[in-house]
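First the structure, in the form of structure tokens, and then the observations on it.
The values are calculated or read from the model by the stated rules, or taken from the named source; none is laboratory data. This structure is a prediction, so every number in the text was calculated from the model and none was measured. In this analysis, Cβ positions are derived from the backbone assuming ideal geometry, glycine residues included, and neighbour counts consider all displayed protein chains.
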Amino acid sequence: MATRLQILIPIAIAAVIVGVVGIMSIPSDSKLESVEFPKGTIKIDNIPLQVQVADTEPRRVRGLMFQDQLPYNQGMIFVFDKAGIYSLWMLNMQFSLDMIWFDHSGNIVHIEKNVPPCKTALETMACQSFTPDGEAIYILEVTSGFVDKFHITKDSKLSIISI
């Protein structure tokens, strides 16, 4: 009869091999560390912002994960190919955000303020996603407090300078 150790060692070795092969088979453009963001400039009302542009699936998946808090004149804009209901969550974020969804004309569809990060294992298990009231083609993430500081409302307007 095999001992517990004789059974567990081959299982552990197999698990390690499967894990290593799995990591090695991930396409390079999906790996978080390999994602680079183009830069752009937008305005909300008359407030200029330098933004990182998340316009591909790997960039949108990565988002602002693991980045330090941004100053109020910076953000990230998620750009989608077509209007839709797009949700965001705060997995591996390091700071709270304000999130603003825009339609193709630059009108605000939805605003979420002071969304907390999901950093710990317990927070990640219960990490909430945020879904807009209507279809959007752009989502802007900025440091929490931006919406209140600059009096952003549903009547505010997005202008794309360059992205």
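Here are the numbers for this structure:
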{"quantity": "Single residue of segment 42-60 satisfying the filter (touching a residue at least 40 places away in the same chain (Cβ under 8 Å) and part of a strand (DSSP E or B)) that is nearest to I100 (Cα to Cα)", "calculated": "I44"}
{"quantity": "Pairs where the first residue, in segment 82-106, is at positive phi and the second is loosely packed, with under 15 Cβ neighbours inside 10 Å and of a type outside the set (K, R), C-beta under 7 Å, 6+ apart", "calculated": "N92/M65; N92/F66; G106/S159"}
{"quantity": "Some residue of segment 125-134 being of a type outside the set (V, I, T), out of contact with any helix residue (DSSP H, G or I) (no Cβ under 9 Å at 6 or more places or on another chain), assigned to a strand (DSSP E or B) and in contact (Cβ under 8 Å) with a residue 40 or more places away in the chain", "calculated": "yes"}
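Conditions (1) modelled with pLDDT under 95; (2) closer than 24 Å to T120 by Cα; (3) among the polar types (S, T, N, Q), marked per residue:
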| residue | (1), (2), (3) |
| --- | --- |
| D55 | no, no, no |
| F66 | yes, yes, no |
| F80 | no, no, no |
| S87 | yes, yes, yes |
| M93 | yes, yes, no |
| D98 | no, yes, no |
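Per-residue answers, yes or no, for (1) closer than 14 Å to I163 by Cβ; (2) not aliphatic (A, V, I, L, M):
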{"position": "D55", "(1), (2)": "yes, yes"}
{"position": "D68", "(1), (2)": "no, yes"}
{"position": "N107", "(1), (2)": "no, yes"}
{"position": "I111", "(1), (2)": "no, no"}
{"position": "C118", "(1), (2)": "no, yes"}
{"position": "Q128", "(1), (2)": "no, yes"}
{"position": "G134", "(1), (2)": "no, yes"}
{"position": "F146", "(1), (2)": "no, yes"}
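Every residue, every condition in (1) over 19 Å from G40 (Cα atoms); (2) loosely packed, with under 15 Cβ neighbours inside 10 Å; (3) hydrophobic (A, V, I, L, M, F, W, C); (4) under 10 Å from the mean Cα position of the chain (by Cα), yes or no:
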| residue | (1), (2), (3), (4) |
| --- | --- |
| P71 | no, yes, no, no |
| V79 | no, no, yes, no |
| F95 | yes, no, yes, no |
| I100 | no, no, yes, no |
